């Protein structure tokens with residue numbers, strides 16, 4: 001089943017490997033289904049690993065109309081993948097754009113999620129940078145559209161939170177940049193305009209997050225500046241959230257630090273499946289510095 005069909009008729013390319021408890025991997029804007037290869041190779045030993053190319057990313061369909069791209073549609077696509085594969089519940093793992101999708105999946109389809117992992121999720125969430133982020137998103141869309149993905153990819157791939165990957169692993173970063181240049185120019189532009197530039201701030205969803213009683217792991221790099229504060233926010237408001245901060249690390253967490261990412265993810269899933277990823281102990285009162293009585 002290389003393709004499944006979303007509710008609106010868009011065909012999505014799906015790949016899977018392994019057997020066991022399902023994990024659904026949702027990719028970032030700058031990546032695609034291939035970006036999860038280090039995770040599929042590791043976790044397919046014990047899990048049914050599923051990933052897919054989001055709409056707008058070959059070999060999935062690339063709708064022309066911007067109305068066919070949104071945060072809600074992205075969540076509906078993730079659900080459609082699970083439905084088509086007959087998966088009742090899965091661990092939902094997302095990076096960046098995929099991390100936003102994972103969080104929204106938890107808000108709207110908690111009954112279909114075993115857990116939520118949101119890595120590098122935060123761009124545009126900070127209220128003081130909302131308008132700046134929207135403007136930059138539209139400028140990036142214009143760059144993909146006017147220059148084409150192959151020509152614009154080197155510019156996008158050298159962003160402030162990507163150079164860490166380039167410095168640590170030049171070959172891995174080059175593969176990332178090359179694959180980015182293979183994306184659809186039209187699909188990338190439509191995704192930026194329809195999903196990235198229009199999604200709500202995470203801070204506007206606080207009531208939902210406080211009610212989201214799912215095991216949640218938030219991961220971020222300490223040099224991914226615009227994801228740090230949103231990561232702390234999620235730790236504070238999601239009842240069963242844990243936070244992992246990767247040192248000297250940028251945005252492309254799962255590729256930049258695959259061993260560390262896999263270690264955190266494996267420990268998280270094992271703890272969840274043992275029924276031990278609990279809410280914070282009420283005795284760990286953040287208002288208390290030291291016990292005096």
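Every number in this text was worked out from the coordinates using simple rules, so none of it is lab data. All figures in this text were calculated on a predicted structure; none of them were measured in a lab. Positions of Cβ are generated from backbone atoms using ideal geometry, with glycine treated the same way; all protein chains shown enter the neighbour counts.
Would you mind telling me which numbered condition in (1) touching a residue at least 40 places away in the same chain (Cβ under 8 Å); (2) over 22 Å from residue 20 (Cβ atoms) residue 291 fails?
So residue 291 meets the others, but not (1).
Answer yes or no: is there a residue in region 85-93 that is touching a residue at least 60 places away in the same chain (Cβ under 8 Å), farther than 26 Å from residue 209 by Cβ and either outside any helix (DSSP H, G or I) or out of contact with any helix residue (DSSP H, G or I) (no Cβ under 8 Å at 6 or more places or on another chain) (or both).
yes
Between 240, 276, which is within 21 Å of residue 20 (Cα to Cα) and either surrounded by 12 or more Cβ atoms within 10 Å (Cβ to Cβ) or over 16 Å from the mean Cα position of the chain (by Cα) (or both)?
Matching residue, one of 240, 276: 276.
Is one or more of the residues making up region 60-80 in contact with a strand residue (DSSP E or B) (Cβ under 6 Å, 6 or more places away or on another chain), surrounded by fewer than 23 Cβ atoms within 10 Å (Cβ to Cβ) and either free of Cβ contacts under 8 Å to residues at least 12 places away in the same chain or within 18 Å of residue 264 (Cβ to Cβ) (or both)?
No, because not a single residue in region 60-80 is in contact with a strand residue (DSSP E or B) (Cβ under 6 Å, 6 or more places away or on another chain), surrounded by fewer than 23 Cβ atoms within 10 Å (Cβ to Cβ) and either free of Cβ contacts under 8 Å to residues at least 12 places away in the same chain or within 18 Å of residue 264 (Cβ to Cβ) (or both).
Could you list, in sequence order, the residues of region 157-183 that are within 20 Å of residue 59 (Cβ to Cβ) and crowded, with 21+ Cβ neighbours inside 10 Å?
The answer is 176, 180, 183.
Residue check: is residue 141 outside any strand (DSSP E or B), touching a residue at least 40 places away in the same chain (Cβ under 8 Å) and over 21 Å from residue 225 (Cα atoms)?
yes
Answer with yes or no whether residue 250 is touching a strand residue (DSSP E or B) at 6+ places or on another chain (Cβ under 8 Å), in contact (Cβ under 8 Å) with a residue 40 or more places away in the chain and either farther than 27 Å from residue 156 by Cβ or buried (at least 19 other Cβ atoms within 10 Å of the Cβ) (or both). First the steps, then the outcome.
Working: touching a strand residue (DSSP E or B) at 6+ places or on another chain (Cβ under 8 Å): yes; in contact (Cβ under 8 Å) with a residue 40 or more places away in the chain: yes; either farther than 27 Å from residue 156 by Cβ or buried (at least 19 other Cβ atoms within 10 Å of the Cβ) (or both): yes.
The answer is yes for residue 250.
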